[in-house]
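In what follows, a single structure is set out as structure tokens and then discussed.
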Amino acid sequence: PEFNDYMKESRKFGKAIWELTDKKDVDIVFEHPGESTFPVSVFVVKRGGMVVICAGTTGFNLTMDARFLWMRQKRVQGSHFANLKQASAANQLVINRRIDPGMSEVFPWEDIPAAHDKMLDNKHLPGNMAVLVTSPKPGLRTVEDVLAVNGQA
């Protein structure tokens, strides 16, 4: 009975995804919680798709029905971006303009739904899209830049 209840809820979640994607399964699931959500992530990713796990905030012990992996040729990939020193070095490369992020469009926070609609409808420009989280305008690279624009430097 417990497995049947779990599958019923997993299917409900998959159906909710289909309502958002016009009945298309997702290619990749980025998994962060781990223990509490990993089995559902494996279930909902499309045949041949991938679950990328980068943490385990709800726990590190993963239990799932492995048939969804091999019978549907799904993949699981572990990922860890960087340690503090590496992340700081990567940020410095961006600040120094040594890395071009290939930005095509930058949206203010309130336009996040419009950005998602553009991607969903495949109407976005080639390149990367970004959202301004605390920055008043694009192109500012440091806290000092933001403070200067706001007249607080």
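What follows draws every value from the coordinates through simple rules; no lab data is involved. Since we're looking at a predicted model, the values are computed, not measured. A quick note on method: Cβ atoms are made from the backbone with ideal geometry, for glycine too, and the neighbour counts reach across all protein chains shown.
Here is a check on your reading of the model: is ALA82 assigned to a loop (DSSP other than H, G, I, E, B) and not acidic (Asp, Glu)?
So ALA82 passes the test.
Check whether at least one residue in the stretch 3-19 is within 23 Å of MET129 (Cβ to Cβ) and in a loop (DSSP other than H, G, I, E, B), and report yes or no.
No, because not a single residue in the stretch 3-19 is within 23 Å of MET129 (Cβ to Cβ) and in a loop (DSSP other than H, G, I, E, B).
For the stretch 100-153, which residues satisfy the criterion of being on the phi < 0 side of the Ramachandran plot, among the small types (Gly, Ala, Ser), without any contact (Cβ under 8 Å) to a residue 12 or more places away in the chain and not in a helix (DSSP H, G or I)?
Result: SER135, ALA153.
Look through LEU62, LEU84, LEU69 and report the one residue that is hydrophobic (A, V, I, L, M, F, W, C) and within 24 Å of LEU140 (Cβ to Cβ).
Sole residue among the options that is hydrophobic (A, V, I, L, M, F, W, C) and within 24 Å of LEU140 (Cβ to Cβ): LEU84.
Taking the stretch 67-105 as the region of interest, how many residues are basic (Lys, Arg), within 18 Å of the chain's Cα centre (by Cα) and closer than 23 Å to GLY127 by Cα?
0
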